[in-house]
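Okay, so here's the structure we're looking at.
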Amino acid sequence: MAAHERFRYHTLDQLQAKIAELGVEIPLTDRPDVLATPARFGALTAPNRMVVQPMEGCDADHDGRPTELTVRKYERFAAGGSGMLWLEACAVVPEGRANPRQLWLTEASLPAFRALVDRIHAAARAGMGADFRPVLVLQLTHSGRYSKPEGVAAPLIAHHSIIDAKSAVTPETPVLTDEYLAGLVPYYVRAATLARAAGFDAVDIKACHRYLVSELLASFTRENSRYGGAFENRVRLLVDVVRAVRDAVPDLEVSSRLNLYDALEYPYGWGVDREEMTRADLTEPKRLIAQLMALGYHGLNTTIGNPYYNPHFGRPFDTPITGMYTPQEHPLESFARFIRITAEVQRAFPDLAVVGSGHSWMRQFYPNVAAALIEQGWATLVGLGRGALAYPDYAKDIIERGAMAPKKTCITCSACTQLMRDGGRSGCVVRDAEVYGPMYREGRRLAQDANRALAEQCRACATPTCRDQCPAGVDIPGFISAIARGEEADAYRILRTTNPLPEICAHVCPVEVQCESGCVEAIFTGRPVPIKQLQKYVAALARKQGWTTLALPAATGQRAAIIGAGPAGVACAVRLLELGCRVTIFAAAEAGGVAGATIPAERLPHDVLRAEIAAVLDLDADPSRLTWKAGTPLTASFTLDDVLTDGYDAVFIGIGLPRSQRLDAPRPASGVMDGLDFLREAKLGMLAVPQRVAVIGGGNTAMDAAVTARALGAEDVYVLYRRSFNELPAWPEERAHALDAGVNVLIFTQPVGYVADAAGALAGVQVRRTTLGAPDASGRRRPEPVPGSDYVLEVDLAVEAIGQLPPADLPALLPGVNLTTDGLIAVEPGSARTSRDRVYAGGDLVNGGKTVVDAVRSGVQAAEEMARAALASPPR
């Protein structure tokens, strides 16, 4: 074997020379015309011999429906001219999904699949002509040992194997029963029936790469089973499914993407020589193929190896994914082995339409190799998988130009695979960078190997200045060092000690002015340790792994009420539960409060907010410890008095600042919105914006509103701020984000009123230029008007994001609770205690509106104070 090398060939002569040097057999031709000729596939005719292989995109919705990203991918393939589109794996049962975004064909998702088929054919006609109709094959699968229906490994295995450690299988993982396997047949039949109804021409009963059906083919060690041991047992499920599908849907072509050679030692490998696993023995695969042809197979898609274990056998590459090996052979040797095995099958079954695979590494020489294989009878059709993701119109270029463009080809960097392994949506990161580049980077940011490497940058300072800048006082060196050691569960425990909502905080904390601003690494390298990223990684992992559930002590008998379910209220509830209290939460709506309802999903995804709160407060084991009373806010008829009369030992108030401050000017009949209302409606998807929008204010809410307006389609968005740019109260990252989004920041601009049109709708904002005078009470220089500088900024919508206020009727809602001159709740210095016995408060309604992590800290501190004081008394 020769050493592994990256692709470095610019001419066909250079490639031929290397093939000769290696002494391998790889046919080549300089006339690829045969690729443009039709090919029979049973009753079907592919308009040419080029196939898009099934490459999973992980981009369906949670219910298995194709999304716009899925449709985009297949529209590009269809317009690109391939004669056959072999669509990616589609689960037949929910527990057999390889990821939460795998396609899943059911009666509920059928309309979406039918629409996908229609759009594929429309794109094919648009790209290749009115008569062009590619053959569409849908791959049906059960992921078996690679099942991850909720994003966490949940392997379902046919037998234990030498590859167990590579697929999250432990010695305790149970083997699927015969009854379960037999029960899968109707689900395959249902999926095939629905595939025909959706408009697919054929289905593939997936039998490759060690997914469930493939694993059964090598179940030599599965004892006392109808699905293990003897050949007829190991092929039973595949044969039974094929027979049942053929009977149920006789006008549907049935095929398989079939592993011909696993490259795993016997008794764990299929198609391998029992004495030497590096040699293929196709006796059993050919016996199975003959049996499948007798059941009606007219075509077969071939593959070898296992992309999770020994990927170079079936997918020669330049660069492996992170943590994978570099092969000890030249990619041309791997490729030669693959096409030789495929040729052996095609020669044994000349009437079978065999699809060759593994050609992406050949790049622009794909047509030279593929055409030669077809001419010599080594294959009937030849596909590209990774190569098609990179170059969806490769077939059109071959048909129209007779060649492929080198700069459009796949560079076999394995980034598409890395995307999928990192839990993202898969596509070509290099050639489709605008779509998949950000996804790749986000996946790497959340990947275990990448985060452990980042964690090693931490100096674990004895007197950490990063911790001093964290409002929650998190032991930052402690949790980061645990990640570096590979002890993520311990890292999460350290985080949770002082911050009950670490994932939410990781999304929204202004780390550039908090923890990361105190990191000494920034002094040495110019870059702090990415604390936010590491916290986001470990908190998300904890939620997925189930480490978030509270460990509750014995109940103390004390009862506490929480009014408000924002970050402060939830944090207080968590700590009280950990202290043994029974907790009741009164909330106007679902958990999350003002922050959850208004922080844009780009910064705080709604699923993260709900998921972390639900995970942290998952009390199924003892639901009596927590009572939710959503839809029960304080009102004129239900005040703090009513809560206290129910006998609670202590009450925490954390209802935030739910109102927007308004400009002191008459509003027109329409066209002006409060900042919080604007953000609420936008997050609910209820808002359409005009082309010209003005946002009044300079804080984070103003920046959120401006960026949201741009995201919703506004062409011109203006932030109106009366001081200089340096005095904007918004955090630096939020300012930069607004500028990157194309927001125009008009500084030294004071809004003074509105102008309406004849119908009473907003026509513009009257503004006045300012200069800076002496500092005011805030320490910032006071804006002073410039006489005669007024003008009208023409806009169609104005959003007032000047500040936030408590509820207007707060005194009536909280009788006996003293307020400050600003209308906030007054608490004792250094305490959360209010003027009313047993009543405590925290969050924005006390501090005037700071950060989410400040609110969390105040909730935790209040809970601990409540436990020491009010809850130390005998239960009421």
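The values are calculated or read from the model by the stated rules, or taken from the named source; none is laboratory data. Source: prediction; values computed, not measured. With ideal geometry, Cβ positions are generated from the backbone for all residues, glycine too; neighbour counts draw on all protein chains shown. The protein model used for the area step is the full one, side chains on, heavy atoms only, and it has no ligands, DNA or RNA in it. Shrake-Rupley method; radii C 1.70, N 1.55, O 1.52, S 1.80 Å.
Among His62, Val34, His4, whose Cα projects farthest towards the positive end of the dipole of segment 2-62, with charges put on the beta-carbon of Lys, Arg (+1) and Asp, Glu (-1)?
Val34
Could you derive backbone 3J(HN,Hα) for segment 302-312 from the dihedral phi with the Karplus parameters 6.51, -1.76 and 1.60 (θ = phi - 60°), listing whole Hz in sequence and x where the residue is Gly or Pro?
9, 7, 9, x, 9, x, 8, 10, 9, x, 5
Once you put a point 7 Å from the Cα of Ala182 and another 7 Å from the Cα of Leu28, both along the Cβ direction, what distance in nm separates them?
Placing both labels 7 Å along Cα→Cβ, they lie 5.6 nm apart.
Restricting to Cα pairs below 8 Å that are 6+ residues apart, what does the relative contact order work out to for segment 223-349? Please round to a whole percent. Working shown, then result.
Details: 153 pairs, mean separation 24.3, N = 127.
After rounding, I find 19 percent.
What's the extension gain from Ala462 to Phe638 if we count 0.36 nm per residue and subtract their Cα-Cα distance?
Here the answer is 58.3 nm.
Roughly how many Å² is the accessible area per residue of segment 1-132, as a whole number, for a 1.4 Å probe?
Heavy-atom SASA per residue in segment 1-132 reads 41 Å².
Find the all-direction average of the projected area of the Cα convex hull for segment 346-436, expressing the result in square nanometres with one decimal place.
6.7 nm²
Counting Lys and Arg as +1 and Asp and Glu as -1, what is the net charge of the other residues whose Cβ lies under 11 Å from the Cβ of Ala353? Before the final figure, lay out the partial values.
Numbers: positive: Arg40, Arg49; negative: Glu253, Asp351.
Residues close to Ala353 contribute a combined charge of 0.
Mind grabbing the accessible area of Lys536 for me, 1.4 Å probe, Å², rounded to tens?
Around 50 Å² of this residue is reachable by solvent.
With the contact rule set at Cα under 8 Å and sequence spacing of 6 or more, what percent relative contact order holds for segment 355-470?
It comes to 20 percent, rounded to a whole number.
Would you tally the net charge around Gln750, using a Cβ to Cβ cut-off of less than 12 Å, leaving Gln750 out, and scoring K and R as +1, D and E as -1?
+2
Whole number please: convex hull volume per residue of the Cα set in segment 515-605, in Å³?
Once divided by residue count, the hull of segment 515-605 is 143 Å³.
Residue by residue, what Karplus-based ³J(HN,Hα) values in Hz, rounded to whole numbers, does segment 132-143 have, using 6.51, -1.76 and 1.60 with θ = phi - 60° and x for Gly and Pro?
Running phi through 6.51 cos²θ - 1.76 cosθ + 1.60 with θ = phi - 60° gives 7, 9, x, 6, 10, 10, 10, 7, 9, 9, 10, 6 Hz.
Can you compute 3J(HN,Hα) from phi for each residue in segment 817-827, using the Karplus curve 6.51 cos²θ - 1.76 cosθ + 1.60 with θ = phi - 60°, rounded to whole Hz and x for Gly and Pro?
Once rounded to whole Hz, the list reads 9, 6, 10, 7, 5, 8, x, 8, 6, 7, 10.
With an 8 Å cut-off on Cα pairs and a minimum separation of 6 or more residues, tell me the relative contact order of the chain in percent.
9 percent
Taking the Cα centre of segment 170-245 as origin, work out the dipole magnitude from +1 charges on Lys and Arg Cβ and -1 charges on Asp and Glu Cβ, in debye rounded to 20.
I would put it at about 180 debye.
So, with +1 on the Cβ of K and R and -1 on the Cβ of D and E, and no other charges, what is the size of the charge dipole of segment 655-771 about its Cα centre, to the nearest 20 debye?
In debye, rounded to 20, segment 655-771 gives about 300.
Two-decimal Rg/Rh of the chain from alpha-carbon positions, Kirkwood Rh?
So for the chain, dividing Rg by the Kirkwood Rh gives 1.04.
Quick check: net charge around Gln661, other residues with Cβ under 9 Å of its Cβ, Lys/Arg +1 and Asp/Glu -1?
Values: positive: Arg659, Arg662; negative: Asp674, Glu800.
In short, 0.
Share of Cα-Cα pairs in segment 225-348 beyond 21 Å, in percent?
46 percent
Going by alpha carbons, how many degrees (0 to 90, nearest 10) lie between the helix axis of 700-711 and the longest principal axis of the chain?
40 degrees
Explain nothing, just the number: dipole magnitude of the chain about its Cα centre with +1 on each Lys and Arg Cβ and -1 on each Asp and Glu Cβ, in debye rounded to the nearest 20.
That gives a dipole near 500 debye.
Working from Cα positions, state the angle (0 to 90°, nearest 10) between the long axis of helix 185-198 and the longest principal axis of the chain.
Once rounded, the angle reads 80 degrees.
Per the Kirkwood treatment, what hydrodynamic radius in Å, one decimal, follows for segment 637-736 from the mean inverse distance over all distinct Cα pairs?
16.1 Å
Applying 1/(1 + (r/R0)^6) with R0 = 41 Å to the Cβ-Cβ distance of Arg40 and His606, what FRET efficiency is obtained, to the nearest 0.05?
Values: r = 51 Å, r/R0 = 1.23.
According to the calculation, E is roughly 0.20.
Taking the Cα atoms only, what angle lies between the long axis of helix 531-545 and the longest principal axis of the chain, rounded to 10 degrees?
On a 0 to 90 degree scale, this one is about 70.
Taking only DSSP H segments of four or more residues, each worth -39500 (n - 2.57), what value at 222 nm results for the chain once the sum is divided by all its residues, to the nearest 500 deg cm²/dmol?
The per-residue figure over the chain is -10000 deg cm²/dmol.
Positive end of the charge dipole of the chain (Lys, Arg +1 and Asp, Glu -1 on Cβ, about the Cα centre): tell me which of Thr821, Ala450, Gly779 has its Cα farthest that way.
Ala450
Which cross-chain or sequence-distant (5 or more) residues have an amide H under 5 Å from the amide H of Gly299, H modelled 1.01 Å from N in plane?
Those lying under 5 Å, H to H, from Gly299 are Ala353.
Straight-line reach from Lys629: which aspartates and glutamates fall under 15 Å, measuring Cα to Cα and dropping same-chain residues less than 8 apart?
Qualifying aspartates and glutamates at Cα under 15 Å: Glu590, Asp642, Asp646.
Along the positive direction of the dipole of segment 1-154 (beta-carbon charges: Lys, Arg +1; Asp, Glu -1; about the Cα centre), which of Gln53, Ser147, Ala17 reaches farthest?
Gln53
Any of Lys73/Lys408; Lys73/Lys396; Lys408/Lys536; Lys166/Lys544 with alpha carbons more than 26 Å apart? Name them for me.
In this structure, Lys408/Lys536 exceed 26 Å between Cα atoms.
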